[in-house]
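Peer 1: My structure is below; once you've seen it, I'll send some questions.
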Amino acid sequence: METFYSMRTVKWDEEDNSVVLIDQTKLPNSLTFVKCKTLNDIVRSIKKMVVRGAPAIGVTAAMGMALVATKTNGTSEELIRELEHASRELVKTRPTAVNIVWATDVVLKDGKKALKDGTNIKAAVKKSALKMAEDDVAGNLKMGEHGSKLLHDGDSVLTHCK
């Protein structure tokens, strides 16, 4: 069983190569998970705001690219075309979300580098998405560590997105 601190908003499920999201539309009343097995599941989850927060949205888009890579059975060139298509579809979900553009660009670049180097594109794409997820968690933990030094019991925090 996961503890509160080990839960992830976005998680790759190795058992069936799927992406599991905390359904943030249900918080704080219930902790519900959404399993995404296809690019369309990811697109729908981003559009319906199942996942929220720029970094988490970017990681979800990267995981969507990894889903495409694991499910595509064509040639290397066809896989790259599928990834390019996936990137365009993901960017359309929230055209102003710079994290989606950034994340899909990074994953696509890593896939194209693998093609050029003659290495496994699917593995490179998945590795890229998983690294992005790990980097996001590490950044969140670091932010919490720094913030905990500034906040004390009884303090109030107001957050604002622009």
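Peer 1: Examine region 34-47 for a residue that is surrounded by 14 or more Cβ atoms within 10 Å (Cβ to Cβ), modelled with pLDDT under 95 and farther than 15 Å from residue 8 by Cα, and state whether such a residue exists.
Peer 2: no
Peer 1: Regarding region 136-154, can at least one residue be identified that is in contact with an Asp or Glu (Cβ under 8 Å, 6 or more places away or on another chain), of a type in the set (A, V, I, L, M, F, W, C) and surrounded by 12 or more Cβ atoms within 10 Å (Cβ to Cβ)?
Peer 2: There is no residue in region 136-154 that is in contact with an Asp or Glu (Cβ under 8 Å, 6 or more places away or on another chain), of a type in the set (A, V, I, L, M, F, W, C) and surrounded by 12 or more Cβ atoms within 10 Å (Cβ to Cβ).
Peer 1: Could you check how many residues of region 70-95 are in contact with a helix residue (DSSP H, G or I) (Cβ under 7 Å, 6 or more places away or on another chain), assigned to a helix (DSSP H, G or I), more than 14 Å from residue 132 (Cβ to Cβ) and touching a residue at least 40 places away in the same chain (Cβ under 8 Å)?
Peer 2: 8
Peer 1: Return yes when residue 80 is aliphatic (A, V, I, L, M), modelled with pLDDT of 95 or more, under 20 Å from residue 127 (Cα atoms) and over 15 Å from the mean Cα position of the chain (by Cα) and no when it is not.
Peer 2: yes
Peer 1: Out of region 22-42, which residues are closer than 24 Å to residue 79 by Cβ and not in a loop (DSSP other than H, G, I, E, B)?
Peer 2: Passing the criteria: 35, 36, 39, 40, 41, 42.
Peer 1: Hey, another quick one. Quick one: in region 96-115, which of the residues that are out of contact with any helix residue (DSSP H, G or I) (no Cβ under 7 Å at 6 or more places or on another chain) and of a type outside the set (D, E, K, R) is modelled with the highest pLDDT?
Peer 2: So, considering only residues that are out of contact with any helix residue (DSSP H, G or I) (no Cβ under 7 Å at 6 or more places or on another chain) and of a type outside the set (D, E, K, R), the one modelled with the highest pLDDT is 98.
Peer 1: When you go through (1) within 16 Å of the chain's Cα centre (by Cα); (2) surrounded by 14 or more Cβ atoms within 10 Å (Cβ to Cβ); (3) in contact (Cβ under 8 Å) with a residue 24 or more places away in the chain one by one for residue 98, which number turns out not to apply?
Peer 2: Unmet for residue 98, out of (1) within 16 Å of the chain's Cα centre (by Cα); (2) surrounded by 14 or more Cβ atoms within 10 Å (Cβ to Cβ); (3) in contact (Cβ under 8 Å) with a residue 24 or more places away in the chain: (2).
Peer 1: Any residue at all in region 120-129 that is part of a loop (DSSP other than H, G, I, E, B) and over 14 Å from the mean Cα position of the chain (by Cα)?
Peer 2: The answer is yes; a qualifying residue exists.
Peer 1: Related question: Being crowded, with 18+ Cβ neighbours inside 10 Å, among the β-branched types (Val, Ile, Thr) and under 13 Å from residue 90 (Cα atoms), is that true of even one residue in region 13-24?
Peer 2: The answer is no, given that none of the residues of region 13-24 is crowded, with 18+ Cβ neighbours inside 10 Å, among the β-branched types (Val, Ile, Thr) and under 13 Å from residue 90 (Cα atoms).
Peer 1: Do you know which of the residues in region 114-135 that are in contact (Cβ under 8 Å) with a residue 24 or more places away in the chain and β-branched (Val, Ile, Thr) is surrounded by the most Cβ atoms within 10 Å (Cβ to Cβ)?
Peer 2: That would be 125.
Peer 1: Search region 46-60 for residues being among the β-branched types (Val, Ile, Thr) and under 14 Å from residue 133 (Cα atoms), and hand back the single one that is farthest from the chain's Cα centre (by Cα).
Peer 2: The selected residue is 51.
Peer 1: Considering only region 43-59, state which residues are farther than 18 Å from residue 143 by Cα, in a loop (DSSP other than H, G, I, E, B) and in contact (Cβ under 8 Å) with a residue 40 or more places away in the chain.
Peer 2: 51
The values are calculated or read from the model by the stated rules, or taken from the named source; none is laboratory data. All values reported here derive from a predicted model rather than from experimental measurement. Reconstructed Cβ throughout: ideal geometry from the backbone, glycine too, with neighbour counts over all protein chains shown.
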